[in-house]
Amino acid sequence: MDNHSADMVELGPHTHVLVTGGAGFVGSALVDLLLARDCNVTIIDDLSNGSLGNLPASDPRLTIHTFRIGDPAFNAAVGHAVGQADAVFHLASPIGVQLAHKERFAVTSGILESGCAIVEACRLHRRPLLYTSSSEVYGSGRDRPITEADPVMTDLRPRWGYAAAKAAVEHLVAGLFFDFGIPTWIVRPFNMAGPRQSPATGLVLPVFVSAALKGEPLVVHDDGEQRRAFLHVADAAEGLLLVMRSRSLRGRPVNLGGSEALQIGNLAKMVVEAAKTKAPIVRKPSNAIFGERFAVTYDRVPDTGLLTKTTGWRPLRSTKQIITDCIEHMRTERVMA
């Protein structure tokens, strides 16, 4: 192995890091941390979900490219960016259950095309790669915390095209490590939330916050008893850095998520209270919104014991803090708009 595929990745001064999707919600938080550690950072983002406003664009350590990874016209540019980097974080991806349900072909092909392009470039240049997969690969969830050993379950309902594509890229990333000896890490995030998250993604917390601030109904699907555990984006970014610095986590999936299990109906109540609004909370059957082929998920709460035991990582911010930060950010955006 050459210096770029060493066992340990040092993320500090003079390290050059490539972050795909770096203008997005999680990507920009990761970029903030990398710049705070005096890394040089290159971003590739087509701005379909991200925004240049999330980035300190004038920072001389930051290079930004705005094109779509997976478009054959930019394969050479992707290869060059990977070749110039010491390490790669691949976060670029379509976002949201609604999009996955409505545009199955585009979402599935987009994940596969971008994943294949990054994996092949990292194979050719032997660059360490951290890939953010998704908790969607676990399917409809379980009535207990989900571990990395739980099976990945999919069927042909539209929602699971997203999960199947994420899982397929996991195999390619694992192959880089086990077949070629290139360090790789696979992270399965659960319900990351906080500042810069857009309600346009259809993700539950920013959708609730946006509705509450407008005084509009917060729509809770089904009985509202389905449980999730939310993770502040700043805690998530710290977790990503710690995973890449862990030798023992190479080539295996790692859960990244919060520790406070919360029913979605109660999340809506917390948002209304924190926003100090009289917005109503209403319940609607999910199949009335998405159709009969929609795959409902029940409890999806992570067991993050592997990550904690290996790196010492723990979430530092509560669900209440996540909600507060999301509200403050969205209020600021509305004032500045």
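Of Thr42, Thr20, all but one fail to be surrounded by fewer than 24 Cβ atoms within 10 Å (Cβ to Cβ), closer than 21 Å to Leu241 by Cα and polar (S, T, N, Q); the exception is Thr42.
Being surrounded by fewer than 18 Cβ atoms within 10 Å (Cβ to Cβ) and within 28 Å of Val9 (Cα to Cα): is that true of Glu170 here? So Glu170 does not fit the description; no. Hey, among the residues in segment 243-263 that are part of a loop (DSSP other than H, G, I, E, B) and over 18 Å from the mean Cα position of the chain (by Cα), which one's farthest from His90 (Cα to Cα)? So, considering only residues that are part of a loop (DSSP other than H, G, I, E, B) and over 18 Å from the mean Cα position of the chain (by Cα), the one farthest from His90 (Cα to Cα) is Glu260. Within segment 260-282, the set of residues being under 30 Å from Gly305 (Cβ atoms) and in contact with a Gly (Cβ under 9 Å, 6 or more places away or on another chain) comprises Gln263, Ile264, Gly265, Asn266, Leu267, Ala268. Within segment 103-115, the presence of at least one residue that is at pLDDT 80 or above, in contact with a strand residue (DSSP E or B) (Cβ under 8 Å, 6 or more places away or on another chain) and either crowded, with 16+ Cβ neighbours inside 10 Å or of a type in the set (Ser, Thr, Tyr) (or both) is confirmed.
Output yes when any residue across segment 83-98 is without any contact (Cβ under 8 Å) to a residue 60 or more places away in the chain and surrounded by fewer than 23 Cβ atoms within 10 Å (Cβ to Cβ), and no when none is. Yes - at least one qualifying residue is present in segment 83-98. Please work out which residue is farthest from Val97 (Cα to Cα), limiting yourself to segment 31-50 and to residues that are in contact with a helix residue (DSSP H, G or I) (Cβ under 8 Å, 6 or more places away or on another chain) and modelled with pLDDT under 95. Among those residues, the one meeting the criterion is Gly50.
For segment 264-313, the set of residues classified as over 21 Å from the mean Cα position of the chain (by Cα), among the hydrophobic types (A, V, I, L, M, F, W, C), at pLDDT 95 or above and part of a helix (DSSP H, G or I) consists of Ala268, Met270, Val271, Val272, Ala274, Ala275, listed by residue number. Cβ separations smaller than 8 Å between residues 6+ apart or across chains give the following pairs from segment 65-76 residues that are under 16 Å from Gly22 (Cα atoms) to residues that are at pLDDT 95 or above and of a type in the set (Phe, Trp, Tyr): Phe67/Phe74; Arg68/Phe74. Which of the residues that make up segment 303-316 are in contact with a helix residue (DSSP H, G or I) (Cβ under 8 Å, 6 or more places away or on another chain) and crowded, with 18+ Cβ neighbours inside 10 Å? Within segment 303-316, Leu307, Thr311, Trp313, Pro315 qualify.
The values are calculated or read from the model by the stated rules, or taken from the named source; none is laboratory data. All of these numbers come straight from a predicted model, not from anything done at the bench. Using ideal geometry, Cβ is built from the backbone for each residue, glycine included, and neighbour counts are taken over all protein chains shown.
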